[in-house]
Amino acid sequence: MAKVTTVIDIGSNSARMAIFQKTSRYGFHLIHELKSKVRISEGSYEHDSYLQPQAMKRALIALKNFKQVSQSFKSRKLICIATSAIRDAPNNMEFIREVKKECSIDIKIINGTKEAFFGAIACANLIHKASGITIDIGGGSTELACINNRNIKDMVSLNLGSIRLKELFFDHNKIEEAYRYTKEYVRTGSKSIIDFCHKSGLNDELNVFGIGGSIRAYAKYKMSKLSYPLNFLHGYELNAKDIIQDINKIVHANTQELLDMGIENSRIDSIRPGLLILQVILEELQAHKLIISGVGVREGVFLNDMLRNQNGILPVGFNPSVRSLQDIFLINVNDSRSIYNHAKKLFILFQKHLSQRLDLKFEYLYYLKVASELYNIGANFNFYQAHKHSSYIALNCLNYGFSHQQRYTIATLLETSHKKRPKQISQSYINLLPSDYVLQVLSFTLAIGVTLAKQKEAIFNIQTDIMDSTLIIKLYIESCSLPTQQALLDIMPPRLESYDIKMEILIN
């Protein structure tokens with residue numbers, strides 16, 4: 001596969017281009033993205049789906065620009081797909097021939113099921129939950145797919161999109177008619193999806209992975225309204241039942257009300273029908289959680305090409321963002337392995353001896369693993385402030401496969417891995433972190449691992465005693481060089497007195 005690959009997706013509302021760079025066999029990252037609101041479907045739904053001349057002209061100009069930008073990045077492969085509007089157009093070949101002639105771009109029209117598949121393969125590989133239903137709301141169609149333990153089980157495509165509903169209903173102020181039409185269409189068209197949720201048990205606490213501009217615009221509005229402290233969308237979670245009334249309010253708002261709410265100006269004309277579709281699907285599926293997906297068809301096309309010999313699934317436990325950061329910034333992988341090996345041994349000991357007083361879940365070991373793998377990535381910027389640079393890069397570049405809580409916790413651990421206790425956390429960030437005692441134990445454990453990074457072996461032992469209901473933990477660390485012994489003594493143990501725990505470090 002080419003090192004730099006361009007994927008262009010011509011949707012009903014916008015044409016979008018994403019350029020990906022591989023850093024190793026499975027490591028990759030996005031290096032450029034471009035969007036043009038060509039609205040190629042404009043006027044088509046009222047003219048028997050025929051593409052209109054002005055819309056085709058806009059799209060052609062955008063594609064010429066896309067091709068130039070792609071070449072500037074020395075992209076060796078360009079994949080261009082077209083979805084609903086072009087798929088449904090009787091005169092689509094006229095447009096395809098013109099693009100081939102003027103841009104030397106081969107457009108591949110994909111059917112609705114394939115469109116659903118590409119969205120599903122992106123979510124199956126790049127979202128932090130292994131199971132759920134993808135909802136990709138486009139201008140002309142909506143695709144749904146079932147993902148169970150990262151395996152794609154069922155897919156449907158509905159001729160139901162934000163621009164289609166806008167032109168047929170919203171432009172004529174027929175919102176209630178649009179709701180009834182959408183509800184009936186979703187109920188009949190997605191019956192296989194609903195049935196699968198019931199049979200597989202997914203509907204017990206169903207995750208819905210939301211793809212598409214209308215959903216992203218709503219998420220931005222919600223984050224702004226809540227003064228949410230992070231500024232990235234992918235992996236953002238919302239309680240589905242809590243937001244349905246909020247969505248309904250937007251669906252029935254007028255233009256000025258939408259602007260007053262802070263809805264993006266570019267989404268004013270399409271967000272209401274798009275969110276109506278989302279509202280109906282969330283209701284029909286009885287969804288538990290809406291997880292915003294920053295990935296979709298373009299990432300799916302890229303992954304399908306990259307993983308064509310792996311059944312479209314990344315290796316178990318592999319994260320492309322972690323690997324990409326290691327490929328770009330890490331000089332010595334062995335140190336990362338050593339840090340994690342020491343941290344893991346110590347964490348398991350803490351689990352054993354503190355389990356009756358502290359809830360140290362096994363999942364926290366994953367946070368330590370990723371933090372260990374990324375600990376040294378900041379050293380290329382400034383050795384003495386490496387922990388701060390590593391923290392910043394992790395928070396802003398762990399784009400795939402992590403929840404917001406995981407990203408922020410890992411970044412916090414990296415920032416505190418230089419032997420200090422975690423700083424006082426601002427109230428706005430509290431919900432993004434584990435409890436204070438967990439954070440302290442994890443930070444201490446990582447700091448020990450970092451200090452022992454150059455030691456091939458280290459022996460940990462814990463002795464416990466109870467004095468006046470306080471659990472006394474004595475942590476013995478053996479087989480250390482003299483400089484390492486001094487460095488270990490500089491590490492401050494967790495302050496757990498409020499949990500009736502006191503910890504001491506003893507070095508041999």
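The values are calculated or read from the model by the stated rules, or taken from the named source; none is laboratory data. Just so you know, these numbers come straight off a predicted model, no measurement behind them. So basically every Cβ, Gly included, is an ideal-geometry build from the backbone, and we count neighbours across all protein chains shown. Quick note on the areas: whole protein, heavy atoms, side chains included, nothing else; ligands and nucleic acids left out. Shrake-Rupley method; radii C 1.70, N 1.55, O 1.52, S 1.80 Å.
For residue 465, the test of being buried (at least 17 other Cβ atoms within 10 Å of the Cβ) and either within 27 Å of residue 231 (Cβ to Cβ) or at pLDDT 90 or above (or both) is failed. Taking the criterion of being touching a Leu at 6+ places or on another chain (Cβ under 9 Å), closer than 20 Å to residue 476 by Cβ and not β-branched (Val, Ile, Thr), the residues of the range 342-356 that qualify are 342, 343, 344, 346, 347, 349, 350, 351, 353, 354.
Among the residues making up the range 182-202, those that are open to solvent by 30 Å² or more (accessible area, probe 1.4 Å), of a type in the set (S, T, N, Q) and touching a strand residue (DSSP E or B) at 6+ places or on another chain (Cβ under 7 Å) are 192, 200. When the residues of the range 473-492 are filtered to those that are open to solvent by 30 Å² or more (accessible area, probe 1.4 Å) and at pLDDT 90 or above, the one that is nearest to residue 453 (Cα to Cα) is 476. Those helices (runs of 4 or more DSSP H) of the range 120-206 in which at least 3 residues are assigned by the TED database to the domain that holds residue 240 and of a type in the set (A, V, I, L, M), considering only elements entirely within it, cover 162-168, 175-189. Taking the criterion of being open to solvent by 10 Å² or more (accessible area, probe 1.4 Å) and among the charged types (D, E, K, R), the residues of the range 114-159 that qualify are 114, 115, 129, 136, 150, 153, 154. For residue 205, the requirement of being farther than 26 Å from residue 170 by Cβ, charged (D, E, K, R), open to solvent by 50 Å² or more (accessible area, probe 1.4 Å) and in contact with a strand residue (DSSP E or B) (Cβ under 6 Å, 6 or more places away or on another chain) is not met. The single condition from (1) buried (at least 24 other Cβ atoms within 10 Å of the Cβ); (2) among the aliphatic types (A, V, I, L, M); (3) closer than 25 Å to residue 272 by Cα that residue 178 fails is (1). Evaluate the following for residue 36: is it in contact with a Pro (Cβ under 9 Å, 6 or more places away or on another chain), of a type in the set (Gly, Ala, Ser) and closer than 24 Å to residue 268 by Cα? For residue 36, the condition - in contact with a Pro (Cβ under 9 Å, 6 or more places away or on another chain), of a type in the set (Gly, Ala, Ser) and closer than 24 Å to residue 268 by Cα - is not met.
Conditions (1) basic (Lys, Arg); (2) under 19 Å from residue 213 (Cβ atoms); (3) free of Cβ contacts under 8 Å to residues at least 24 places away in the same chain; (4) in contact with a Ser or Thr (Cβ under 6 Å, 6 or more places away or on another chain), marked per residue:
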| residue | (1), (2), (3), (4) |
| --- | --- |
| 238 | no, yes, no, no |
| 243 | no, yes, no, no |
| 250 | no, yes, no, no |
| 259 | no, yes, yes, no |
| 266 | no, yes, no, no |
| 272 | yes, yes, no, no |
| 278 | no, yes, no, no |
| 283 | no, no, no, no |
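Kindly evaluate residue 133 against the criterion of being aliphatic (A, V, I, L, M) and closer than 20 Å to residue 16 by Cα. Judged against the criteria, residue 133 is not a match.
Here is a yes/no grid of residues against (1) surrounded by 13 or more Cβ atoms within 10 Å (Cβ to Cβ); (2) among the β-branched types (Val, Ile, Thr); (3) assigned to a helix (DSSP H, G or I); (4) assigned by the TED database to the domain that holds residue 56:
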position	(1), (2), (3), (4)
67	yes, no, yes, yes
70	yes, no, yes, yes
81	yes, yes, no, yes
86	yes, yes, yes, yes
90	no, no, no, yes
93	no, no, yes, yes
97	no, no, yes, yes
101	no, no, yes, yes
